[in-house]
Amino acid sequence: MRAASQEVNEWIDGFLFVANKPILDLLNTKPVLADGPTELLSDCRALERWLIASGMVTSAKTKAIVRGWRRSTEATAFLEQLIAFRERLRDAVLRIESASSPSDSFLAEANSLLFQYPLRTSLHKRNGKVVRETLFDPRKPTDLWAPIIDATADLLAETESSRIRKCESCVVHFFDTSKKGSRRWCSMNICGNKLKVAAYQRRRREENATAN
Ligand SMILES: [Zn+2]
């Protein structure tokens, strides 16, 4: 059941979601497609769609605010900064994947953003239970840093680093939530089957060569 539903949800509104963590799927917004590396965050409209698809923007009110920034120069500037940050985060993640740690300069940058854009939370009662909810009420495009930098901090400090991995066959990163921790590919659909078929054909060729 899980595998099937994962396949269905791999692409949401034109973006890849295979990482189990939206912040890793931010790295996956520049996949290598048939025509080579492809920037999926091509403009503010695409950013708006990604924020909604990733679940970073959920309420109708916040969606309306973000929609209002489609032609904003501030949002365009934010998107440029975000894409540059994404590449520095990619470097940090590649370091983690090779059993090293992010650079001090990246941590300093993350700390500066955490300080400037704290993610606020509040307590509510629901069915007699107290729940903690994120208060995300952006007033300007740079406020979008709050959920992004919070997720970055969670990834760097609270996530089992041995389960942060890159697909063996492509540039996609993911957090392995499988029971055995043996996930190797971004997805069976995209790389897994391709590699399995290639391995099968190689075995067949070897068998034929031995038989002849
Ligand atoms: Zn892959």
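Observations on the structure shown:
- Residue count for the stretch 107-152, restricted to those that are in a helix (DSSP H, G or I) and closer than 30 Å to residue 71 by Cα: 20.
- Only one of 152, 142 that is touching a residue at least 12 places away in the same chain (Cβ under 8 Å) and farther than 24 Å from residue 18 by Cβ: 142
- Checked against the criterion of being within 16 Å of the ligand (Cβ to nearest atom), modelled with pLDDT of 95 or more and charged (D, E, K, R), the candidates 194, 140, 166, 179 yield just one match: 166.
- Annotation for the stretch 64-79: at least one member residue is aliphatic (A, V, I, L, M), assigned to a helix (DSSP H, G or I) and exposed (fewer than 12 other Cβ atoms within 10 Å of the Cβ).
- Checking each residue in the stretch 33-76 for being in contact with a strand residue (DSSP E or B) (Cβ under 9 Å, 6 or more places away or on another chain) and modelled with pLDDT under 95 picks out only 38.
- Selection from the stretch 9-45 of residues that are part of a helix (DSSP H, G or I) and within 19 Å of residue 150 (Cβ to Cβ): 22, 23, 24, 25, 26, 27
- Each residue in the stretch 182-191 was checked for being more than 9 Å from the ligand (Cβ to nearest atom) and among the hydrophobic types (A, V, I, L, M, F, W, C), and 1 of them qualify.
- Within the stretch 7-46, tally of residues that are hydrophobic (A, V, I, L, M, F, W, C), in contact (Cβ under 8 Å) with a residue 60 or more places away in the chain and over 20 Å from residue 163 (Cβ atoms): 1
- Test: residue in the stretch 174-185 that is touching a residue at least 60 places away in the same chain (Cβ under 8 Å) and among the hydroxyl-bearing types (Ser, Thr, Tyr): yes
The values are calculated or read from the model by the stated rules, or taken from the named source; none is laboratory data. Predicted model only: the values in this text are computed from it and were never measured. In this analysis, Cβ positions are derived from the backbone assuming ideal geometry, glycine residues included, and neighbour counts consider all displayed protein chains.
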